[in-house]
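Engineer: Structure provided below as C-alpha cells; questions to follow.
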Amino acid sequence: MTALFELDDVTVSFGGRRRATLALDHLSLQLAANARIGIVGESGSGKTTLLKLLAGLIVPTMGTLRFRGQVLDQRSPQLMSDLRRQVAMVFQDPRSSLDPRMRVAAIVGEPLLAKAQRSVFPTALSRRRRVDEVLQAVDLPTAAGRLYPHEFSGGERQRIAIARALAGAPSILLADEPVSALDVSVRSQVLNLLNRLTDDLGFSLLLVTHDLSVVRHSCDQLVVMRAGRLVEVGGSSQVLSNPMTDYTRALIAATPRLSLQSKL
C-alpha cells in the first residue's frame, strides 16, 4: 500500500522546557492509504494528539511528518491547503461539535464555503444539492436540513457531523472516538454507516478509539499506543488474535465485544 502519512522520529511536547509534557515521544510510523486504520490506547496515550498532527492542527516539536511523500511544512500555503482539502474530521461529541444556532443545512454546507471548495461548488444551488446528497448518504432526509441539531437524537447528530465532514469529498476521514458519546444501542449503527461510506466513497479512515471492539468491527489495520509511543502495529485481525506485547493483551482482555445485532 502507498504511504499516506509517514512520521519519522516525531515528538510533540506541550508546555515550557522545564515542565514539558511529551504527547508524542519519538514516534516513527507509516500509515497506508486506502485503509481503515484504528489507533488505540488508554487515555493520555497520544491518540488525539496524533490525529491533530495529521490534520495539520499542530506541528511536530521535533522530527519529520510527510503527507503523500512530501514534508508537511506549515510555511507552505499550497501544501497545507492541499492537506486541508483532502482531510476532514469527525469529533467525539456531536452535541458540542454542532453549532446549536445553525440549521443543519448550514452546518453541513459550511465546508463548501471554503476557498478550496468554491471552484467545485460555485453557486448556492450547487451547494444545496451537495448538502442534500450527503444527508441522503448518511440516511437522513433532505428535510432534515431545515431543522436544528437539538431536534435530533445523539446518533442522528453524529450522522449530521459525518455528513458535514464528507461534504467536501475528502480522501481522508479522521474520526476521534466517533461513537463513544453515543448510546450502546446506536453505536453499531454509526459504525456500520462509516464502513459502508468508506467502501462506497473510497476514502481512507483513521479512527481513534480506546475500545478494541470498534477496531474489530471497522478497521483492517491497528496501531497501539501508550504514553506517546508506538507499542504495536499490524493487521487488526493479526494483532487482536496474536498480540505481541503484554500491554496489547491487557487492552484486549479489558474490552467487551460490541453487539452488532443492530444493523442499518
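Engineer: Shape verdict for the stretch 6-80, please, from the Cα gyration tensor: rounded (a/c under 1.5), prolate (a/b greater than b/c) or oblate.
Structural biologist: Judged from the Cα gyration tensor, the stretch 6-80 comes out oblate (a/c at least 1.5, b/c at or above a/b).
Engineer: With only Lys, Arg, Asp and Glu charged, each at its Cβ (+1 for the first two, -1 for the last two), find how big the charge dipole of the stretch 175-263 is about the Cα centre; round to the nearest 20 debye. Let's see the in-between values first.
Structural biologist: Details: 8 positive and 9 negative charges, 42 e Å.
The calculation lands at about 200 debye.
Engineer: Follow-up question, since we're still on this one. How long is the stretch 55-175 along each principal axis, judged by its Cα atoms, biggest number first, in Å?
Structural biologist: Taking max minus min along each principal axis of the Cα atoms, the stretch 55-175 gives 46, 31, 23 Å.
Engineer: Rolling a 1.4 Å sphere over the protein heavy atoms, what is the accessible area per residue of the stretch 136-264, to the nearest Å²? Intermediate results must be reported in sequence, preceding the final value.
Structural biologist: On the way: 5530 Å² over 129 residues.
I get 43 Å² per residue for the stretch 136-264.
Engineer: Across the stretch 90-95, in residue order, what do the Karplus-derived ³J(HN,Hα) couplings come to in whole Hz, using 6.51 cos²θ - 1.76 cosθ + 1.60 with θ = phi - 60° and x for Gly and Pro?
Structural biologist: 10, 9, 5, 10, x, 5
Engineer: Cα atoms only, the stretch 149-198: Rg and Dmax in Å?
Structural biologist: Just the Cα atoms of the stretch 149-198 yield Rg and Dmax of 10.8, 30 Å.
Engineer: Classify the stretch 41-107: rounded, prolate or oblate, from the alpha-carbon gyration tensor (a ≥ b ≥ c, eigenvalue square roots; a/c under 1.5 rounded; otherwise prolate if a/b is larger than b/c)?
Structural biologist: It comes out oblate by the Cα gyration axes.
Engineer: Find the all-direction average of the projected area of the Cα convex hull for the stretch 126-216, expressing the result in square nanometres with one decimal place.
Structural biologist: Its Cα hull, projected and averaged over all orientations, spans 5.9 nm².
Engineer: Of the options 178, 49, 142, report the single residue whose Cα projects farthest towards the positive end of the charge dipole of the chain (beta-carbon charges: Lys, Arg +1; Asp, Glu -1).
Structural biologist: With unit charges placed on the Cβ atoms, the residue in question is 142.
Engineer: Work out the P(r) tail for the chain: percent of alpha carbon pairs separated by more than 23 Å, whole number.
Structural biologist: 53
Engineer: Between residue 229 and residue 118, what FRET efficiency follows from the Cβ-Cβ distance if R0 is 35 Å, with the result rounded to 0.05? Write out the running numbers ahead of the final one.
Structural biologist: On the way: r = 42 Å, r/R0 = 1.19.
Efficiency computed from Cβ-Cβ geometry: 0.25.
Engineer: While we're looking at this one, here's another question. For the stretch 1-127, report the accessible area per residue in Å² (1.4 Å probe, heavy atoms, rounded to an integer).
Structural biologist: Ligands and nucleic acids excluded, the result is 55 Å² per residue.
Engineer: Within the set of other residues whose C-beta is less than 15 Å from the C-beta of residue 149, count the net charge using Lys and Arg as +1 and Asp and Glu as -1.
Structural biologist: Counting the neighbours of residue 149, the net charge comes to +2.
Engineer: Continuing with this model, one more query. May I ask you to derive the FRET efficiency for residue 196 and residue 33 from their Cβ-Cβ distance with R0 = 22 Å, giving the value to the nearest 0.05?
Structural biologist: E between residue 196 and residue 33, to the nearest 0.05, is 0.65.
Engineer: Continuing with this model, one more query. Can you pull the percent of the stretch 1-154's accessible area that's carbon plus sulfur, 1.4 Å probe, other chains left in place? Numbers along the way, then the final one.
Structural biologist: Numbers: 4220 of 8600 Å².
Summing carbon and sulfur atoms, their accessible area is 49 percent of the total for the stretch 1-154.
Engineer: Indicate the helices, whole DSSP H runs only, in the chain that combine a mean Kyte-Doolittle hydropathy of -1.0 or more with a Cα extent along their long axis of 24 angstrom or more.
Structural biologist: Sorted by number, the helices that extend far enough and score high enough are 184-201.
Engineer: Determine the shape class of the stretch 182-224: with a ≥ b ≥ c the square roots of the Cα gyration tensor eigenvalues, call it rounded for a/c under 1.5, and otherwise prolate if a/b is greater than b/c, oblate otherwise.
Structural biologist: Oblate, since a/c reaches 1.5 and b/c is not below a/b.
Engineer: Also, quick follow-up: May I ask for the percentage of alpha-carbon pairs in the stretch 158-261 that lie more than 16 Å from each other?
Structural biologist: Within the stretch 158-261, distances greater than 16 Å cover 59 percent of Cα pairs.
Engineer: Additional query: Give the ranking of 139, 246, 132 by solvent-accessible surface, highest area first, calculated with a 1.4 Å probe.
Structural biologist: Descending accessible area places them as 246, 139, 132.
Engineer: In addition: Provide the FRET efficiency to the nearest 0.05 for the residue 57-residue 242 pair, computing r from the beta carbons and using R0 = 41 Å.
Structural biologist: So the FRET efficiency works out to roughly 0.75.
Engineer: Follow-up question, since we're still on this one. Any chance you could tell me what percent of the C-alpha pair distances in the stretch 125-171 go past 14 Å?
Structural biologist: 45
The values are calculated or read from the model by the stated rules, or taken from the named source; none is laboratory data. Worth saying up front: this structure is predicted, and the values here are computed from it rather than measured. As a convention, Cβ positions derive from the backbone with ideal geometry for all residues, glycine included, and neighbour counts pool all protein chains shown. For the accessible areas, the whole protein counts, side chains as well, though only heavy atoms, and no ligand, DNA or RNA atoms are used. Shrake-Rupley method; radii C 1.70, N 1.55, O 1.52, S 1.80 Å.
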